[in-house]
Structures are given as structure tokens and as C-alpha cells.
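The values are calculated or read from the model by the stated rules, or taken from the named source; none is laboratory data. Remember, it's a predicted structure, so these values are computed and weren't measured experimentally. Neighbour counts are summed over all protein chains in view; Cβ atoms, including those assigned to glycine, are modelled from backbone coordinates with ideal geometry.
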Amino acid sequence: MSDAAVARLSGVSKTFEHGRIVAVDSLDLEVVAGEFIAVTGPSGSGKSTLLNLMGAMDRPTKGEVSIDGELLANAAIMERVRSRKIGFVFQMHNLIPVLTAKQNVVVPLWPHRVSKAERRERATDLLTRVGLADRIDTNVKVLSGGERQRVALARALVTNPRLLLADEPTGNLDTTTGFEVMELMHAMRRQVGSALVLVTHDESICQGADRRFQMRDGRLEQTA
Amino acid sequence: MAYIWRNLMQRKVRSSLCLLGVAVPVAMIVALISISEGMRRSLNNYMETSGASLVVFSKDAADLAFSRVKQEQVDAIVDIDGVESISRSNFMPVMNPRASIGTIPLFGRFPEERIMQKYESALTGGRLLRAKNEVLLGSFAAKQCGYKLGDSIELFGAPVAGIEKFEVVGTFQSAIPWENLGMIVHGDVIRIAIGKESSYSLIFLYTDAGATDRVKNAVESRFPKLIAMRSGEFTDRFAAQMDFMDDFIMIVTIIALVVGVLGVVNTMMMSVGERRREIGTLRAVGWSKARVLGIVVGEGLLISMLGGGMGLLIGVAGTEALLGWFPDGLLIATYLPSTFTKGFSVGVVTGLIGAFYPGWRACQVQPVEAMRYE
């Protein structure tokens, strides 16, 4: 594994229903710091499973996954890695509907020993950078789809993650808003230095990727 | 905390129902304990208002109605050094003269004895007893039977001590609720009516200052089948007869706890079920299982604390409403801090137990739930 690798998958397979369904098949992949990797593929090709495995949300049936040099050997390590080294941007933003934008952004910090003042400062800074300075104390239920996804982006970056995982981040947005969100995502992850693994159906948002992969039947095929 | 509070406020109707599910059992417990405590207090008042130092009765009597103190024993007790005076008391139930069902307690008192004095201040009309053919009516008995001063009452269905009808010479309102249910007649009448002309159920002893222990020992050594108790001891012994009430309260508490727990479990399970993706997201961003458990149990705890507080208020209001149904203070309640502590604790325990299983289920939600969009 190279020194700059933030994620490494070695011979990783993931099967379901006692091996009848192979979602990810003997996959090897290394993601280096700051890199942007785009993965496309049809529904059911295993893209989301791949993201789950890289995101320490699921364990492979075979093979090993390491994040920032740490082998995801057990649930405690996976929990710690999720908490400190990975940021997620979900298709449906997955914000907590009863909280404000600022409160949503600091949700990943709650388990950490971060002072209230610092949380507030980080949330304000990130929400300002995503253009929501005037919506900081607004309940996320009243925000538009684009605004919610920007809050979700701020939340994903609040822990300065080494690896940012995005699952169809523009899937619920119109084209213009989708591009705006992607531009923000790239700008902000570059500031933090996070690598980005993007999983999408939408080829247009894969522009600028350092490497592009097509996923088919659980296997990755580099296309660019 | 804000997250917990807002989660509850997000589902107001469900949270309110859950709150009520906790509040009602707490209210029931507060009402039952307060009324039970009121009954104990009234027994205590009965002894205190008698002003007696000691109470003598049959050692083996499970109930005072079965106690028998013979006249010759009374005569001997009067002669014990340190005894200032005595008051004899007996009791029997009679059929309600104005109704085909129901009984009325008759309390036997002797007009010349000291215990009669306590009714002086309780009189609401007329005067105290002077003769065997007279009767004093408790306020509730007077109202229930519709008797007034000067009326004649046939108490026994047949003449007793040659008396067929008893004249109402006074009415009283005692601080002891159950005394108001009954009537007071001359003690000799009851002695004759029950066919044991030379015995009483209870003897109140008034002793010289500092002589109480000596008199107690003297009575008990001379009459092994009798017991002489201080007022406080007497209250404790007969309050123990109300242990059934404690058992009843315990059963109600357990049932209330089970019902409350089921209510909280149901509500919290629905809440957890609806928030699987939210919980999955929390797990995906690094929340530990313990933290997720803490949130769900915290919601249960908050709702049970609010429900507990509400239950205390409903309990007091409900008890007061219930007391209002019973005229003349027939039922009384005593509110003790310990009652509120017990009620509130039941509420909190309900919430904690009820939230734990849903909390455990929430812990089992995997982070991948965050990725399910269907």
C-alpha cells in the first residue's frame, strides 16, 4: 500500500443470500490522498455495496479493507474510522429533520471531545462556505433540496475526513443545482485534502475525475 | 437534549398518548396511597383525640369487634395505682333503620366518662348523651337516614334494656370520618344488645403523669389475656390491618407499571421503526451503539419524567374530585412527600424499562440503513 493511500481494497468480495448473489467480486482498489474517483454502472452492479465496504459500514465476505492504513478488522475499528476518517454524502441528504442546519452539521462531532464553541465555529464556517450563512439556524425541513444537500456536504466535511464518499449526490437535484453542489464539493474537499469516491449513474458529474471506473457484475473496469 | 426534545415534539400526538400512558398509572398510585394514608391518619386521630395514655383490649383479638374486656377486669384496672380514670367503649353494627340494606355502626359510650368530652366540640346540634334511651348521630348517618333532632329511632327491631325507640338528642361531625358514619348510644345498651352484659371491646386509660409504663406493666401482668398499648402502638397495630390496602396498591402498581411499560415500548418501537434511516445515518457518521441507545432511552426518560409530573398533578386533582363525591369528609386523603416520590419513581422506571428494548433495537440498526432509499 502506498504511503499516500487513504483506502485500499484487496481481493474484496461481498456476497448475499449464502453466496447466491455476488455484489462485489474479488476487487482490488487503492485510493490515494486527494484523488477523485468516479464509479458508474447500472443499478444492481454493486456500486452501493462497494461504497458501504469503503465506508466501513459493511464487512466484506472475503478480502480486506484498510482506511488510512487501518485494517477494518472489527466493529469498534469500523466505528472509529467512520467517525474520524470518512465523510458521507447520501443521495437523499439524510439530514435529521428535527434539527437546524447548524445542528445537523455538528452531528458527527457529538461523539468527539469538541467544545461547543468549536462546534459552532466549524459549523458556521462550513455553512458559510457552502453559501448558507443566512440559514444556519433554520430547520432543515424548510430548506430546498439543493440547500439540504449543501448542509449534508458541510456535515460530511466537518470532521476533515481523509475520504469522502458520495452516493448519487445529485440524484435528487435539478441539473443546475447538481452542478453547483458538485463544484462546491470539489472546492471544499480540496481545501480539506479529502479523496473523493463518487458513485453515480450520471456521467456528467464525473468530469474531472482522476480515474473513472465502470462497475459491472461486481467488478470494476477502469475506463479513464 | 435538544435532539431528544425535538424528536418528542415532532410527534406530538404519539408523545402525548405515551405521556398519558405514564401519567395515568402514576395518578392511580398517588390517589391510592394518599387515601390509604388518610385512613391510617384517621385511626391515629381517633386515638389522639381520645386523650388516653393507654388502650386496653383482648390480646388475641384480630379485630377490635372481637375484643372482650370484662367488667371485673375493668374494676381491677381502675384500682391500679396511677390510673386517673377510664373510659369504656363497645361497638356493634345494626341494620340501617331507613333502608333494607346496609349497616350502621353503633358506638357505645358512657355519658359520665371522659371520652364523651371529645364529642362536645364536635356537636353540630343538640347536646351530648345523658340517658340510655338517647342517641347521637354522626353527620353522615343523620343525612343518610334523614333523621333530625327530636326524632325517635327504632335501632334494634326489638326492645333492648326495655327501650324500643331512641330519641335523637344531638348530631356531631367528628374529625374521624368513620365515626360520622355511625351513631353513639349508651354503652350499657350495646352490652345488653350483644348479650355480653359484662364486657367491653376497648378501655381507654387516663394515667397520672409519668405513670403510664407502670400502669401498662401492671395491667399486662395481672391480666395476661389483655394488652395495654400506648396510642402510637395501637395505631401501628391496627394500621397493620390495612396491609391489604398496601398489597392492593402493590398489585395496582405492578399492573400500572406493566401497562405503562407496554405503552412506552409501543410508542418508542414505532418511533424507532420510522427512524431507521435516521439512526442508520447516525451510525454511518460514527455514532456508537451506546450513543444511539442513550438517545432512545433519553426520550423514554424524558417522556416518563414529564408523564410522572403530570401523573402527580392528575393524582391530586383526581383524589380531590373523588373526595368530593363522599360527603362530610367521609373519605380523607393525606399527601406525603414520599407518596409523590413513589409515584414519580414508578413513572421514571416505566420510561426506563419501556425505552430500553426499543433502544436495544435501535442499536441493531446497521449503518447501511442510511443507504436504503426505497
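Numbers at a glance
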| quantity | calculated |
| --- | --- |
| The range B:205-219, residues that are more than 31 Å from the chain's Cα centre (by Cα) and assigned to a helix (DSSP H, G or I) | B:Arg214, B:Val215, B:Asn217, B:Ala218, B:Val219 |
| B:Glu320 vs. criteria closer than 30 Å to B:Pro177 by Cβ and surrounded by fewer than 16 Cβ atoms within 10 Å (Cβ to Cβ) | yes |
| A:Pro42 at the interface with another protein chain (Cβ under 10 Å from one of its Cβ atoms) and modelled with pLDDT under 90 | no |
| Subset of the range B:10-44 (residues that are within 14 Å of another protein chain (Cβ to nearest Cβ) and not charged (D, E, K, R)) | B:Gln10, B:Ser15 |
| Of all residues in the range B:280-292 being on the phi < 0 side of the Ramachandran plot and buried (at least 19 other Cβ atoms within 10 Å of the Cβ), the one that is farthest from the other protein chains (Cβ to nearest Cβ) | B:Val292 |
| Residues (within 11 Å of chain A (Cβ to nearest Cβ) and without any contact (Cβ under 8 Å) to a residue 60 or more places away in the chain) located in the range B:295-324 | none |
| Of the criteria (1) in contact (Cβ under 8 Å) with a residue 24 or more places away in the chain; (2) among the hydrophobic types (A, V, I, L, M, F, W, C); (3) over 24 Å from B:Asp63 (Cα atoms), which one B:Ala158 fails | (1) |
| Qualifying positions in the range A:172-201 - touching a strand residue (DSSP E or B) at 6+ places or on another chain (Cβ under 8 Å), outside any helix (DSSP H, G or I) and not small (Gly, Ala, Ser) | A:Leu196, A:Val197, A:Leu198, A:Val199, A:Thr200, A:His201 |
| In the range B:256-274, the residues that are free of Cβ contacts under 8 Å to residues at least 12 places away in the same chain and within 14 Å of another protein chain (Cβ to nearest Cβ) | B:Glu274 |
| Test for B:Ser198: is it over 24 Å from B:Ser121 (Cβ atoms), polar (S, T, N, Q) and in contact with a helix residue (DSSP H, G or I) (Cβ under 6 Å, 6 or more places away or on another chain) | yes |
| Members of the range A:97-145 that are among the hydroxyl-bearing types (Ser, Thr, Tyr) and more than 12 Å from chain B (Cβ to nearest Cβ) | A:Ser115, A:Thr124, A:Thr128, A:Thr138, A:Ser144 |
| Any hit, the range B:143-152, residues being surrounded by 22 or more Cβ atoms within 10 Å (Cβ to Cβ) and more than 18 Å from B:Glu112 (Cβ to Cβ) | no |
| Selection within the range A:108-141 - under 19 Å from B:Trp5 (Cβ atoms), out of contact with any Phe, Trp or Tyr (no Cβ under 8 Å at 6 or more places or on another chain) and not charged (D, E, K, R) | A:Thr138, A:Asn139, A:Val140 |
| Single residue of the range A:50-77 satisfying the filter (surrounded by 24 or more Cβ atoms within 10 Å (Cβ to Cβ) and touching a residue at least 60 places away in the same chain (Cβ under 8 Å)) that is nearest to the other protein chains (Cβ to nearest Cβ) | A:Gly55 |
| Number of the condition not met by A:Pro42 [criteria: (1) surrounded by fewer than 21 Cβ atoms within 10 Å (Cβ to Cβ); (2) without any contact (Cβ under 8 Å) to a residue 24 or more places away in the chain] | (2) |
| Condition broken by A:Val89, with the remaining ones in (1) within 24 Å of A:Val39 (Cβ to Cβ); (2) facing chain B (nearest Cβ under 10 Å); (3) in contact with a strand residue (DSSP E or B) (Cβ under 8 Å, 6 or more places away or on another chain); (4) hydrophobic (A, V, I, L, M, F, W, C) satisfied | (2) |
| Hits in the range A:66-86 (condition: more than 22 Å from A:Leu27 (Cβ to Cβ) and either under 16 Å from the mean Cα position of the chain (by Cα) or not in a helix (DSSP H, G or I) (or both)) | A:Glu79, A:Arg80, A:Ser83, A:Arg84 |
| Matching entry among B:Val78, B:Val55 (being surrounded by 22 or more Cβ atoms within 10 Å (Cβ to Cβ), closer than 23 Å to B:Ser201 by Cβ and among the β-branched types (Val, Ile, Thr)) | B:Val55 |
| Failed condition for B:Glu167, given (1) closer than 30 Å to B:Lys70 by Cβ; (2) acidic (Asp, Glu); (3) surrounded by fewer than 19 Cβ atoms within 10 Å (Cβ to Cβ); (4) modelled with pLDDT of 90 or more | (1) |
| Members of the range A:116-143 that are surrounded by fewer than 17 Cβ atoms within 10 Å (Cβ to Cβ), at pLDDT 90 or above, in a loop (DSSP other than H, G, I, E, B) and not charged (D, E, K, R) | A:Thr138 |
| Residue count, the range B:117-135 (criterion: surrounded by 18 or more Cβ atoms within 10 Å (Cβ to Cβ) and within 26 Å of the chain's Cα centre (by Cα)) | 3 |
| Failed item, numbered, when A:Ala123 is tested on (1) free of Cβ contacts under 8 Å to residues at least 40 places away in the same chain; (2) more than 25 Å from A:Gly34 (Cβ to Cβ); (3) out of contact with any Gly (no Cβ under 8 Å at 6 or more places or on another chain); (4) of a type outside the set (Val, Ile, Thr) | (2) |
| Selection within the range B:331-374 - among the aliphatic types (A, V, I, L, M), crowded, with 22+ Cβ neighbours inside 10 Å and in contact with a Pro (Cβ under 9 Å, 6 or more places away or on another chain) | B:Val346 |
| Test: residue in the range A:8-22 that is within 14 Å of chain B (Cβ to nearest Cβ) and buried (at least 17 other Cβ atoms within 10 Å of the Cβ) | yes |
